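Read-outs: derived from the displayed coordinates by stated rules, not from any lab. This one's a predicted model, so the numbers in the text were calculated from it and none came from an experiment. Neighbour counts run over all protein chains shown; Cβ positions are idealised from the backbone, glycine included.
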Amino acid sequence: MREFIYYSAKGRTSGNFDDLMQAGRLDIVCHMVINTFYLSHDIRKDVKLHIILNGPPDPPKHIEFIYDENLPISKKDVGGLIKRILYKYKKGTKNQPFPGCFIEKNNFMKVIEELKGKNIYLLDKKGEDIDKVEVKENPVFIIGDEDGIPKKDKKDLIKNKVIPINIGPEMYFASHVAVILNNYLDRKGL
């Protein structure tokens, strides 16, 4: 199983919004979901996506998506699904409002801590080129929003042996990174 973690510093943490872009760029979160899971005429069954929302009014929120044949996901209404997941948050617990969808109040570094022991890679412009790094089975990729991962967290990640990598000389949209990495892993047979 491959995993992606998308960190959104401004992503709204309640379902009380009408405009995805104005809700801390939840439009980008929607693109992450679509580009992580969807193929032409199919959906990936070997992926888990963690979304960390750190915006108002009640940060942080951790939304987790994993394939489930009953996952109520449609490319046309990912925003509506995220809104409903946020509305169904229950204080003090990790709950599953829909098949394959989980939500809890959990911060970025705690989610990373829970993944300790896995092969974790941080997408970073200054990281080692992915072709020069041995990407191991069941990788976890951390992708930041347009502001990246907070500096303190980034230092802690590197101190804890998370491997900084890049996927090329240009900065790509976060959602494109998911497509590029999925393609890379497919080609490597991972």
Whichever residue in the stretch 17-29 is in a loop (DSSP other than H, G, I, E, B) and touching a residue at least 60 places away in the same chain (Cβ under 8 Å) and, among such residues, is surrounded by the most Cβ atoms within 10 Å (Cβ to Cβ): 25
Selected residue (only one of 137, 104 is of a type in the set (Asp, Glu) and under 20 Å from residue 11 (Cβ atoms)): 104
Verdict on residue 114 being surrounded by 15 or more Cβ atoms within 10 Å (Cβ to Cβ) and either of a type in the set (Asp, Glu) or in contact with a helix residue (DSSP H, G or I) (Cβ under 6 Å, 6 or more places away or on another chain) (or both): no
Count of residues meeting criterion [part of a strand (DSSP E or B), of a type outside the set (Lys, Arg) and in contact (Cβ under 8 Å) with a residue 12 or more places away in the chain] in the stretch 35-54: 8
Some residue of the stretch 81-100 being under 14 Å from the mean Cα position of the chain (by Cα) and farther than 23 Å from residue 184 by Cβ: yes
Pairs where the first residue, in the stretch 170-190, is in a helix (DSSP H, G or I) and the second is of a type in the set (Lys, Arg), C-beta under 6 Å, 6+ apart: 185/2
Which listed residue, of 78, 162, is farther than 18 Å from residue 62 by Cα and of a type in the set (A, V, I, L, M): 162
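One line per residue, one yes/no per condition, for (1) surrounded by fewer than 16 Cβ atoms within 10 Å (Cβ to Cβ); (2) assigned to a helix (DSSP H, G or I); (3) touching a residue at least 24 places away in the same chain (Cβ under 8 Å):
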| residue | (1), (2), (3) |
| --- | --- |
| 5 | no, no, yes |
| 12 | no, no, yes |
| 33 | no, yes, yes |
| 56 | yes, no, yes |
| 71 | no, no, yes |
| 80 | yes, yes, no |
